[in-house]
Each structure stands twice: as structure tokens, then as C-alpha cells.
Amino acid sequence: SLSIKSAMTLEGRGKDMTCLHFGISVDSAKGALLCLANLAVIGAPVVVGGLGLQRVRLSQLRIDMCGNDSGDTLVLEPIGTGGKYMEDRVLVDQCDVNGGSDGVMINAQ
């Protein structure tokens with residue numbers, strides 16, 4: 001899996017052209033904006049969180065764990081100081097989430 005420790009932009013050429021066959025894990029990351037866009041993650045989850053992150057944008061992602069019902073496909077952990085979700089802190093825009101036990105899991109206070 002790809003482990004991201006700092007706010008950054010990871011952008012592909014489109015969810016049909018850029019396919020990662022491993023998971024993405026963001027925890028304990030720090031920075032202003034983490035952006036994951038225009039790519040697909042196949043057969044593995046995406047887990048995003050970090051009290052040091054200020055904002056997260058997930059845009060035009062395809063996360064596909066069809067055939068794997070053990071575990072969540074997209075997990076949003078606490079983001080930002082205090083671990084509370086506030087207005088404009090997380091944007092999930094035009095994302096396809098398939099498979100997994102729950103699909104999307106939001107762990108927030």
C-alpha cells in the first residue's frame with residue numbers, strides 16, 4: 001500500500017486510465033490540503049485521516065473492492081484539530097465506491 005505522511009496532490013490521468021492495484025493509507029499526515037483525484041484504486045481500500053491535516057479533497061476517484069467483502073472500501077478517519085468534521089473540511093466529489101463490507105465508513109466524533 002502507498003502510505004502518505006504529508007499533505008499533497010496525487011492526481012492521475014482519469015479513473016479509467018490511472019489504476020492503482022494497491023491501497024492508499026493516509027494517517028498522521030500534516031499540511032493544508034490533501035487531494036486525491038482522477039484515479040482508480042482496485043482491490044484495496046483507501047483510508048484517509050490525520051489530525052494534522054486541515055482539508056481533504058477526494059475527486060473523481062473509483063475505489064473498487066468488489067469480490068472482497070472483508071473491510072471497508074473508503075474509510076474517513078478524524079481530520080483536523082480535535083478530530084471533528086467541520087464545514088468545508090472534507091469534500092468527496094464524483095467518487096465511485098464499490099464493494100467492501102460497508103462501502104464508506106466515517107469515523108468521526
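The values are calculated or read from the model by the stated rules, or taken from the named source; none is laboratory data. No experiment lies behind these values; they were computed from the predicted model shown. Cβ coordinates were reconstructed from backbone atoms using ideal geometry, including for glycine residues, and neighbour counts include every protein chain displayed. Note: areas computed on protein heavy atoms with side chains; ligands, DNA, RNA excluded. Shrake-Rupley method; radii C 1.70, N 1.55, O 1.52, S 1.80 Å.
Which one of Ser1, Cys35, Ser59 is farthest out on the positive end of the charge dipole of the chain, using unit charges on Cβ (Lys, Arg +1; Asp, Glu -1) and the Cα centre as origin? Farthest along the dipole direction, towards plus: Cys35.
Computed from phi, the 3J(HN,Hα) profile of segment 23-30 under the Karplus parametrisation 6.51, -1.76, 1.60 (θ = phi - 60°) reads x, 10, 10, 10, 9, 6, 6, 10 Hz, with x in place of Gly and Pro.
Report, to the nearest whole %, how much of the accessible area of the chain belongs to carbon and sulfur atoms, 1.4 Å probe, protein only. Intermediate results must be reported in sequence, preceding the final value.
Values: 2840 of 5750 Å².
Solvent-exposed carbon and sulfur of the chain make up 49 percent of the total.
Computed over protein heavy atoms with a 1.4 Å probe, the accessible surface of the chain works out to 53 Å² per residue.
Extension gain, Cys19-Ser70: 0.36 nm per intervening residue step, less the Cα-Cα distance, totals 16.2 nm. Its residues counted as N, the chain yields a C-alpha radius of gyration over 2.2 N^0.38 Å of 0.98.
Among residues other than Thr18 whose Cβ falls under 13 Å from its Cβ, what is the net charge (Lys/Arg +1, Asp/Glu -1)? Present the calculation step by step, with values, prior to reporting the outcome.
Working: positive: Arg13, Lys15, Arg62; negative: Glu11, Asp16.
Counting the neighbours of Thr18, the net charge comes to +1.
Of the whole protein surface, Lys5 contributes about 120 Å² of accessible area at a 1.4 Å probe radius. Can you compute the label reach from Ala32? Point 7 Å from Cα along the Cβ direction, backbone N cut-off under 20 Å, restricted to segment 59-74. Hits in segment 59-74 for Ala32 at 20 Å: 59.
Extending 7 Å from Cα along the Cβ direction at Thr81 and again at Leu10 yields two label points whose distance is 2.7 nm.
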